[in-house]
Amino acid sequence: PKKLRICEAVSSSDMGTNVKVQGWVRSVRHQKQNLFLHVNDGSSLQSLQVVASSQLNHRLLTFGSAVEVSGLLVKSPSRRQEVELQANQIHVVGECNPVDFPFKVKERHDLEYIRQFPHLRCRTNTFSSLLRIRSEATTAIQLYFRDKGYVQVHTPVITSNDCEGAGELFQVEPAFQEKQEEDGGQPFFSVPAYLVVSGQLHLEVIAGAFPGVFSFGPTFRAENSQSRRHLAEFFMVEAEISFTQSLEDLMKVMEEMFRSTTEHLLAQCPEDVALFHKHVTPGHNDNVDLMMKSSFNVITYTEAIDILNRSSQKFAFETDWGCDLQTEHEKYLVKHCGNIPLFVTDYPYTLKPFYARDNLDKPLHTVAAVDLLVPGVGELCGGTLREERLDLLKTRLALAGLDETYRWYLDLRRFGSVPHGGFGMGFERYLQCVLGVDNIRDVIPFPRYSHSCLL
Ligand code: 4AD
Ligand code: MG
């Protein structure tokens, strides 16, 4: 028999053929004459209906067991599916004790429940859909940048710098002391090394020879946070664009990337996305529609503070020009501006890292920075024009006591420097926004956060 994935078997193109499928049992139903199984292999949300004679020894055919089925693909008499598999052989490859298995047949367990089983949750429809969406969104982002002529760069995971200067670093050292003792207590890399918080500085290096570059990889922050939008390990999409002098250019790329990725997902994974829009956050498709229909709003940080100060809502954190925007503020601003994505530009100089470009021409001391805030999540992207003026950068680094550490960075401004800028988008937050998932731990296969590093 011809071996098929289940997504191929359910599309009626092989009707009348002898086929073999492999997968996991999603339901078992007994009737007098017949035994009905639904088998899923993760290739799509759909399961294949398998019909077998009830004579068959079905004691081991339980929910969750792994099976291999051979038989004839025929037109299904039921209107619920086009095809079914008339089994002539069913082999139970891996048994599954339904009493101990944490998921129960026909039950839709909520995300919080399945999160307790990170090693098993991919066996549920919801998480299986999430994983396909994640994979497809990765492809969509890469396609977007490729089509625009960007080069993908593999930035390092281990680095000796703290790009964001926020001190949220995980230090990297060998687990075994002996090696260090042999080296007279020297750190492994001779300098302190950390897991990367952002690939930006490495992208800036490469952008010194390319029109546009991007990276997509894990980044790490030792944020002692139990929030619904922070992880200690998350994936970030970062882009760096050479010869750009305006925040508008950056905003255009952020908005286009968001739209083209979302369009791609809606077109390529309609069933998987619909599962979230129906069962996880019912009606979320309307929110996504609205985001896709409207062009994103733009306000300055100063306008944002004005809006917050005038609001009748009580916030846990008070607002004042110069304060950092908290999640509650970000969510309020997005709502206030019509529940569509909102760019906030020109943040106070003191709120952004050393590399942000000083807005010398503006009355208040701000930098050319832009955050993209989205409904339900708050900050999705953060970007800046980078300070390319050597003297300004030198002063800023000297003030922070970083001039020695960033000598190489100053070189970038010395040798064929161009105005440039870029941004980073939290991939998990993007998925939260489009799927309507409240907790970031439910959109990543293996979440890491303070006090939790399972598996
Ligand atoms: O705003 P951030 O800190 O910006 C940077 O790191 C820049 N160096 C990026 C650049 O210009 N190349 O982080 C970018 C985005 C945030 O907007 C947020 O979506 C996400 O990364 N992010 C997190 N996502 C999950 N968990 C965390 N702890 C996150 N911290 C930031
Ligand atoms: Mg930020």
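Values quoted throughout were computed directly from the atomic coordinates according to the rules given, and no laboratory measurement underlies them. Small disclaimer: the values here were computed from a predicted structure and weren't measured. Here the Cβ positions follow ideal geometry from the backbone for every residue, glycine too, while neighbour counts run over all protein chains shown.
At a glance:
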read-out	value
Mean projection area, nm², convex hull over Cα of region 2-107	6.4
Paramagnetic reach from K20 (point 7 Å along Cα→Cβ, amide N under 18 Å) across region 57-95	66-73, 85-94
Relative exposure of T17, T262, T384, T219, judged by other C-beta atoms within 10 Å (fewest first)	T17, T262, T384, T219
Integer Hz, Karplus 6.51/-1.76/1.60 couplings in order for region 37-53, x for Gly and Pro	10, 10, 10, 10, 10, x, 6, 7, 5, 6, 10, 9, 7, 10, 10, 10, 5
Selected from I90, W24, L37, residue furthest toward positive end of dipole (region 2-107; charges at beta carbon)	L37
Sequence of R221, R59, R5 once ranked by neighbouring C-beta atoms within 10 Å, starting from the fewest	R59, R5, R221
Fraction in percent of alpha-carbon pairs per bin - 5 Å, region 116-165	4, 15, 14, 12, 14, 16, 17, 7, 1
Region 115-267 shape via C-alpha gyration tensor axes, a/c threshold 1.5	oblate
Entries in K3/K104; K148/K252; K252/K293; K20/K104; K352/K394; K314/K335 that, when Cα-Cα distance is taken, lie over 20 Å	K3/K104; K20/K104
Net charge of Cβ neighbours under 10 Å - reference S198; Lys, Arg +1; Asp, Glu -1	-2
Debye-sum result for the chain in log10 I(q)/I(0), which assumes one identical scatterer on each alpha carbon, at q = 0.12 Å⁻¹	-1.07
Whole-Hz ³J(HN,Hα) from phi, Karplus 6.51 cos²θ - 1.76 cosθ + 1.60, for region 197-204, glycine and proline x	8, 6, x, 3, 5, 5, 5, 4
Computed magnitude of the charge dipole of the chain (debye, nearest 20; Cβ of K, R +1, Cβ of D, E -1)	2180
Amide H partners (placed H, <5 Å) of L373, local residues excluded	L342, F343, V344, L380
Environment charge at E428 (Cβ cut-off 13 Å; Lys +1, Arg +1, Asp -1, Glu -1)	+3
Normalised convex hull volume, region 374-414, alpha-carbon set, Å³ per residue	99
Ascending count of other beta-carbon atoms within 10 Å, so fewest first, for K293, K352, K20, K362	K293, K362, K20, K352
Loop-located chymotrypsin sites (Phe, Trp or Tyr not before Pro) in region 334-424 whose Cβ has at most 11 other Cβ within 10 Å (DSSP)	F415
Chain lengthening between S294 and R389 when straightened (0.36 nm per residue, less Cα-Cα)	30.5 nm
In order through region 225-237: 3J(HN,Hα) via Karplus (6.51 cos²θ - 1.76 cosθ + 1.60), integer Hz, x for Gly, Pro	10, 10, 6, 8, 9, 10, 10, 7, 10, 9, 9, 10, 9
